[in-house]
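Remarks on the structure that follows.
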Amino acid sequence: MDHQIDIGIQPDDQPYEITSFARKHGLTIPVADAVLFAKGPSPSRAACDTAALAFLCAVAQYAKKQAPR
């Protein structure tokens, strides 16, 4: 018996679903869709995770510049 149990972990070569990617990174669906679209048709999950982190860092830097001094 060789049963495999799916515990929700996907291999790195499987593309993200937009909703799970958005939930993982705290993004809205449109932003998650844009990040995934910018990374191309089938990038690795690690590349998408890095892109999400870069996006969130850029947003934080922008917000910091916009804060009153």
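Throughout, read-outs are computed from the coordinates displayed, never taken from laboratory work. Keep in mind the model is a prediction, meaning the values are calculated, not measured. So basically every Cβ, Gly included, is an ideal-geometry build from the backbone, and we count neighbours across all protein chains shown.
Tabulated data for the structure shown
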| read-out | value |
| --- | --- |
| Pairs with Cβ under 6 Å, 6+ apart, first in segment 22-37 and hydrophobic (A, V, I, L, M, F, W, C), second surrounded by fewer than 14 Cβ atoms within 10 Å (Cβ to Cβ) | ALA22/ILE29 |
| Those residues of segment 33-43 which are of a type in the set (A, V, I, L, M) and closer than 18 Å to ASP13 by Cα, in sequence order | VAL35, LEU36, ALA38 |
| Residues (without any contact (Cβ under 8 Å) to a residue 12 or more places away in the chain and closer than 17 Å to GLN14 by Cβ) located in segment 44-69 | ALA47, THR50 |
| Selection within segment 36-69 - closer than 19 Å to ARG23 by Cβ and either in contact with a His (Cβ under 6 Å, 6 or more places away or on another chain) or among the basic types (Lys, Arg) (or both) | LYS39, ARG45, ALA52 |
